[in-house]
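Novice: Dropping a structure here in structure tokens format, bear with me for questions.
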Amino acid sequence: MKAHVLIIEDEQEIAELIQLYLKKEGIDSFLADSAEKGMDFLLQNAVDLILLDINLPGKDGFEFLQQFRKTSNIPVIIVSARESDEDTIMGLAVGADDFVSKPFSPRVLSAKVRAFLRRSLVFSQDERKIYRFGAYILDYDGYNLKKEGQLVALSGREFEILRLFVDNSGIAFSPQDIYDKVWGQDYGDISAVSVYVQRIRKKIEKDYRNPEYIKTIHGKGYLFPREKIL
Ligand code: CA
């Protein structure tokens, strides 16, 4: 299965450069030079990942992402010259999964893209594609979580953490396990894991302080109870 990436970037030179790097990795990509064109493209085509610029003519990257997260959970990496903390927080709040700052190193960009795609390709070989729990349906192929037919606005990373739990219900994962599997690196800020778990709980649990799906197992980590899977 070949991966497809959409690059939303108005500077043609940068867009083509990214496209070239991805091509070297054997990844096909498509270009859109505005958020509006990106949206139109996504109505007709399925992609595995989006690389998103922030400063765009018309709608900016944040507006795009806010709108896009109402319809999809696929991973989005922001590629931007703006790198203030405020932008990072804003990006995460509207559902970005990672950031690459311009001028970017091709190696870093490729590594981040590969980390996301590798996981989605590995996961997609699983036998079971759809899981149900409570009023939720988690669909691997569609890369989305729905509650009573409505998409739950998870980022790609949040979706992957939840997928890890659901796919391995009854098994406890330590923050380090989760970091290794979902971030695809064995170094970095492990404390991000608890922030993400909390964020997912707020989106799916009736009472996030007393979770029924993502349980805390003291001294072990987190666990999705097997009996919750329908
Ligand atoms: Ca730009």
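The values are calculated or read from the model by the stated rules, or taken from the named source; none is laboratory data. For clarity, every value in this text was computed on a predicted model and none was experimentally measured. So basically every Cβ, Gly included, is an ideal-geometry build from the backbone, and we count neighbours across all protein chains shown.
Novice: Tell me which residues, restricted to the stretch 63-79, are over 20 Å from Gly142 (Cβ atoms) and surrounded by fewer than 21 Cβ atoms within 10 Å (Cβ to Cβ).
Specialist: Passing the criteria: Glu63, Gln66.
Novice: Here's something else I'd like to know. Quick test for you: out of Asp141, Asp126, pick the one residue that is assigned to a loop (DSSP other than H, G, I, E, B), modelled with pLDDT under 90 and over 24 Å from Val193 (Cβ atoms).
Specialist: Going through Asp141, Asp126 in turn, the sole match is Asp141.
Novice: Of the residues in the stretch 60-99, how many are within 18 Å of Leu49 (Cβ to Cβ), among the aliphatic types (A, V, I, L, M) and at pLDDT below 90?
Specialist: Residues flagged as within 18 Å of Leu49 (Cβ to Cβ), among the aliphatic types (A, V, I, L, M) and at pLDDT below 90 within the stretch 60-99 amount to 2.
Novice: Looking only at the stretch 173-204, count how many residues are at pLDDT 95 or above and in a loop (DSSP other than H, G, I, E, B).
Specialist: Of the residues in the stretch 173-204, 1 are at pLDDT 95 or above and in a loop (DSSP other than H, G, I, E, B).
Novice: What pairs can you find where one residue is in the stretch 110-133 and under 23 Å from Tyr21 (Cβ atoms), the other is in a helix (DSSP H, G or I) and modelled with pLDDT of 85 or more, and their Cβ atoms are less than 7 Å apart, with a gap of 6+ or different chains?
Specialist: Ser110/Tyr21; Val113/Leu22; Phe116/Gly156; Arg119/Glu160
Novice: What's the number of the only condition in (1) surrounded by 15 or more Cβ atoms within 10 Å (Cβ to Cβ); (2) more than 16 Å from the chain's Cα centre (by Cα) that Leu230 fails to meet?
Specialist: Single failed check for Leu230: (1).
Novice: Touching a residue at least 60 places away in the same chain (Cβ under 8 Å) and in contact with a strand residue (DSSP E or B) (Cβ under 9 Å, 6 or more places away or on another chain), is that true of Phe41?
Specialist: no
Novice: Scan the stretch 1-24 for residues that are of a type in the set (Asp, Glu) and under 20 Å from the mean Cα position of the chain (by Cα) and report the count.
Specialist: 1
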